[in-house]
Ligand code: WAQ
Ligand code: MG
């Protein structure tokens, strides 16, 4: 089926309330797919249905963009998935700092990033539409527009991998679209050159977040956010001196995540770090 010669389409949806995003509308939901031509109409319909179902509210603006990809996308293997046994925000946030430090982020910078997401990373403690970009050594912000952040686009599970991908995650109780979409995004961000990523949702009812890094994989942090808090966000950490324009270009370059992710049983932070070879900076792979 989805052979390498078959044309693929990027199908993207964004929805807002109070007008389009660029005229001050409030972001309500967004999602995207990469699918072969025969799947475009169904994918667009599913995304419109999702927009109308309302994420953070009922939208009055919905945009769907269909774009044929000029070349076959790059294929990237998924990060392996681990869930830590964290019980409350204090423990989970401490684990986040340890994981980021193990990935090579300076500990004070990691702690600052946790504080940033806790306060709401946008101006006035609001959410950003995209991610903050931080220098891993100094904590200096590098995204061009700190109110908006940088966006990851044009990424999905490879068409021929979807079945095995879904089955693998469901077997571990991770069948929610949210987990799959976050894993896909984190895989792309790591591939694009981030040293590490920190994330938790702005959805008040969703309290699991993650730290991801090439050498750590995708490490889930239950209870990183207290129930009922409507702020969250993402921070991408770059190595000092990293080529920012190249990184931003790769965030928008079409990528298919191919293969089913390896999933490991839940572990404590200590056991996880020991398995990684202590707190040594993670080598790729
Ligand atoms: N590119 C960059 N940043 C984004 C993007 C994107 N495509 N989408 C969302 N963000 C940023 C934005 O600041 C949001 O406010 C923030 O991330 C959170 O987005 O394993 O649901 O979609 O159990 O609310 C992670 C854990 C869930 C899943 C993350 O994020 C699991 C989540 P949300
Ligand atoms: Mg959200």
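Every read-out reported here was derived from the displayed coordinates using simple, explicitly stated rules and does not represent laboratory data. Since we're looking at a predicted model, the values are computed, not measured. Backbone-built Cβ (ideal geometry, glycine too); neighbour counts: all protein chains shown.
Using DSSP, restrict attention to beta bridges with both residues in the chain and report what percent are antiparallel, rounded to the nearest 5.
Percent antiparallel among DSSP bridges in the chain is about 70.
Let's test the formula: R0 of 45 Å, r as the Cβ-Cβ distance of residue 264 and residue 60. What FRET efficiency results, to the nearest 0.05?
Efficiency, from the Cβ-Cβ distance: 0.55.
From the C-alpha coordinates alone, can you work out the Kirkwood hydrodynamic radius of region 165-217, in Å?
For region 165-217, the Kirkwood estimate is 11.9 Å.
Just to be sure I understand: with springs between alpha-carbon atoms less than 10 Å apart, which residue in 97, 255, 179 has the highest mean-square fluctuation in the Gaussian network model of the chain?
Result: 179 has the largest fluctuation of those listed.
Arranged by the count of other C-beta atoms within 10 angstrom, fewest first, what order do 189, 224 take?
Result, fewest neighbours first: 189, 224.
Which of 174, 116, 47 moves the most in a Gaussian network model of the chain with Cα springs under 10 Å?
Result: 174 has the largest fluctuation of those listed.
Quote the relative contact order of region 144-285 in percent (integer), defining contacts as alpha-carbon pairs under 8 Å separated by 6+ residues.
30 percent
Pick from 108, 146, 265 the residue whose mean-square fluctuation is largest in a GNM of the chain, springs joining Cα atoms under 10 Å.
265
If I take every Cα pair under 8 Å that is 6 or more residues apart in the chain, average their sequence separation and divide by the length, what percent do I get for the relative contact order?
Computed value for the chain: 25 percent relative contact order.
Obtain the radius of gyration and the Kirkwood radius of region 138-189 from its C-alpha atoms and give Rg over Rh.
That ratio equals 1.14.
Between residue 49 and residue 140, take the C-beta separation as r, use R0 = 35 Å, and let me know the FRET efficiency to the nearest 0.05.
Details: r = 41 Å, r/R0 = 1.18.
It comes to 0.25.
Placing one identical point scatterer on every Cα of the chain and ignoring solvent, what is log10 I(q)/I(0) from the Debye formula at q = 0.07, 0.08, 0.11 Å⁻¹?
Each listed q corresponds, in turn, to -0.24, -0.32, -0.62.
Can you work out the FRET efficiency for the pair residue 163 and residue 94, with r the C-beta to C-beta distance and R0 = 41 Å, to the nearest 0.05?
0.60
Give me the compactness ratio for region 188-285, meaning the Cα radius of gyration over 2.2 N^0.38 Å. Please report the intermediate quantities before stating the final value.
Details: Rg = 14.9 Å, N = 98, 2.2 N^0.38 = 12.6 Å.
Relative to the 2.2 N^0.38 Å estimate, region 188-285 comes out at 1.19.
What area, in nm² and to one decimal, does the C-alpha convex hull of region 130-227 cast on average over all directions?
One quarter of the hull surface, i.e. the mean projection, equals 7.4 nm².
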